[in-house]
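Notes follow once the structure below has been shown.
Read the figures in this text as sums done on the coordinates, not as results from a lab. Since the structure is predicted, the reported quantities are computational estimates derived from the model, not experimental observations. Heads up, the Cβs are rebuilt from the backbone with ideal geometry, glycines too, and the neighbour counts pull from every protein chain shown.
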Amino acid sequence: MQFDQAYFDAGIDRRNTRCEKWDDRGVMGPDGIPLWVADMDFPCAPAIVEAIRERAQHPCFGYSCDDPADEEALRGYWLRRHQLHIAPGQTVMLPCVITGLKAAVRTFTKEGEGVAIFTPVYGPFYEAVRANGRQVVRVPLQADENGRYPMNLKGMEAALKAGARLIMLCSPHNPVSRLWSQEELTALAELAERYDVNIVCDEIHADFVYSPGAFTPLLSLKKARDRAVSLCSASKTFNVAGLQQAAAVVFSDAMRDALKRSLTAAGAACGNTFALAATRAAYTDGDAWLDGLIAYLDRNRRSLADFVREQLPKARLTPIEATYLAWLDLRAYGLSCRELTEKCRRHGVAFTAGTFFGPEGEGYLRVNFGCPHQQLIAGMARLRDALKEEN
Ligand SMILES: Cc1ncc(COP(=O)(O)O)c(C=O)c1O
């Protein structure tokens, strides 16, 4: 099968499949175009469907036992795609990435302690900290004159100096589309070493990187190896988030054991029969599909930038180095996120409100461009019309 432009242009009708993005009609009205929650409107790789179908042929779905082939598939994938050597036994299975964030907070900090986070950031980061009785220490990112967000290392140092005990990093960063550079990540790891704190690093978007960028796994850095937990999943990359399967990669034996103990104490088990089959297939047989996908998303990314420049002259689009999520600054239109969302709903299009990512997101929308090109442009045209509308 060819995973070319025509394949991804065809997309897939997801309506009436209990799909959060399409079937939650309150968000955008009956004929709405969803450019919000972060999953994609493409069928997943055929190898994944085949693996699930094959497993379903055996009509018994009891408990699964561990199989080293699952870890082997993950290790092979990370070596092949990101040149990261993971030794056998250095991974811990998780039901999802957010479970990993929460478990890391519980394992590596005490109640009341601070967790430092670059903001704005994916909303559940805050909840992972607060729901566990820890304090969010915001380290605000600020756009430079090109709209790009450099890592705020000074702010992070101040947070650590003031006593924050864990860094929670999103790499690449959702929503500001940053591919952190090796220099930035190294400087961050040096800070972690200087203040003797750990880093939990959500690398769920690692595969969505655009030329000429290359993803740097935090664990590939010498200074980070013994103090980092990296969280990964096939869920975003292969569009299988509903299956719920992720993993933590931890090189430090002591940290890995501590994390495992927390997970066991919380009863956070995994081993969903279909998720295991799907993840193994994704990591072993998904490369051709993924390469086609990245080429397609790259085209969408460029079209989106053209659209904003030509049709939304007052808007500012953050340069998209990674992820299929774009950070759109609409503050010049003078509308709050609530007003923007309501206008968009009336015009039949949905984005994620910037405030979902923190107060810095007021007046911003996050655009999900993981969809057929035509859908992206139609949704953006609705946004343009919504912004023309008188109040
Ligand atoms: C940065 C980031 N982390 C985690 C998640 C959710 O991952 P999971 O469903 O595995 O908890 C998302 C989903 O959008 C995300 O963007």
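What the table shows:
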| item | result |
| --- | --- |
| The chain - percent relative contact order, Cα under 8 Å, separation 6 or more | 25 |
| Shape of region 150-195, Cα gyration tensor, a/c cut at 1.5 | prolate |
| Choice from 20, 183, 193 showing the highest fluctuation, given a GNM over the chain with Cα pairs closer than 10 Å | 183 |
| At most 15 other Cβ within 10 Å, DSSP loop - GluC sites (Glu not before Pro), region 118-159 | 145 |
| Tensor-based shape of the chain (alpha-carbon gyration tensor, a/c under 1.5 rounded, otherwise prolate or oblate) | oblate |
| DSSP bridge orientation in region 170-323 - percent antiparallel, rounded to nearest 5 | 55 |
| Note, ³J(HN,Hα) from phi for region 364-378, Karplus 6.51, -1.76, 1.60, rounded to Hz, x at Gly and Pro | 10, 10, 9, 9, 8, 9, x, 7, x, 3, 4, 5, 4, 5, 5 |
| In region 310-391, the trypsin sites (Lys or Arg not before Pro) that fall in loop regions by DSSP, at most 12 other Cβ within 10 Å | 314 |
| Table column - 3J(HN,Hα) (Hz), region 218-228, Karplus curve with 6.51, -1.76, 1.60, x for Gly and Pro | 4, 5, 7, 8, 3, 5, 9, 3, 9, 9, 10 |
| Additional length obtainable on full extension of the chain from residue 142 to residue 269, 0.36 nm per residue less Cα span | 41.9 nm |
| Fraction of beta bridges assigned by DSSP in the chain that are antiparallel (%, nearest 5) | 50 |
| Residues with amide H under 5 Å from that of residue 96, placed H, sequence gap 5 or more | 246 |
| For region 75-82, Karplus couplings with θ = phi - 60° (6.51, -1.76, 1.60), whole Hz, Gly/Pro x | 5, x, 5, 5, 6, 5, 8, 10 |
| C-alpha center-to-center spacing [region 232-310, region 184-202] in angstrom | 23 |
| Sparse-neighbourhood loop sites, trypsin sites (Lys or Arg not before Pro) in region 186-256 - DSSP loop, at most 15 other Cβ within 10 angstrom | 222, 225 |
| Of 154/223; 314/343; 236/388; 154/314, those spanning more than 23 Å from alpha-carbon to alpha-carbon | 236/388; 154/314 |
| Estimated [θ] at 222 nm from DSSP helical runs (n ≥ 4, -39500 (n - 2.57)) normalised by residues in the chain, nearest 500 | -12500 deg cm²/dmol |
| Footprinting exposure proxy for 274, 8, 108 (fewest neighbouring C-beta atoms within 10 Å first) | 274, 108, 8 |
| Environment charge at residue 109 (Cβ cut-off 14 Å; Lys +1, Arg +1, Asp -1, Glu -1) | +4 |
